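What follows is a single structure, written as structure tokens, with notes after it.
Values quoted throughout were computed directly from the atomic coordinates according to the rules given, and no laboratory measurement underlies them. Every value quoted in this text rests on a predicted model; they were computed, and no experiment measured them. Heads up, the Cβs are rebuilt from the backbone with ideal geometry, glycines too, and the neighbour counts pull from every protein chain shown.
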Amino acid sequence: MAALLATILLAPWFLVLCWVYWQFGRAAGRSRGFDQVAMVVSTVLAAISGWVGLGFADPGHGNLWPQVLASLLAYGVFLLVLLMAVWWRRRSVIGPHSPPPPPGVAGSNALNSRCHRPRMK
């Protein structure tokens, strides 16, 4: 257990990031199953990468270096998996090649219908 201390100390931050990811998912109106799997996979892979980081760190640089490397790897993998999940979810909701909105629809250009003044002839 002491070997994964750096990863355990990141757990509160991981919970905050999972909460943000969950709230971001609510706006998209997607199924919760994908979000739950993404959060579990990111947590498991972060723990595994932290454990692997402890094994690859050179103890010649000091006793703290293995913990630093483990926490950096765990944090990086956790963020990578969640960002890939956000990308995948966005791609599945919007579609890979969505056409642009037609002219005159809100969001199609910088001038929307409320700000646009008709031309005087």
Fill in: Distance (nanometres) between label positions extended 7 Å along Cα→Cβ at Ile8 and Leu64
2.0 nm
Fill in: Estimated inter-spin distance, Val20 and Met84, nm [label 7 Å along Cα→Cβ]
2.0 nm
Response to the item:
With a Förster distance of 22 angstrom and the Cβ-Cβ distance between Leu72 and Val41, calculated FRET efficiency to the nearest 0.05 equals 0.70
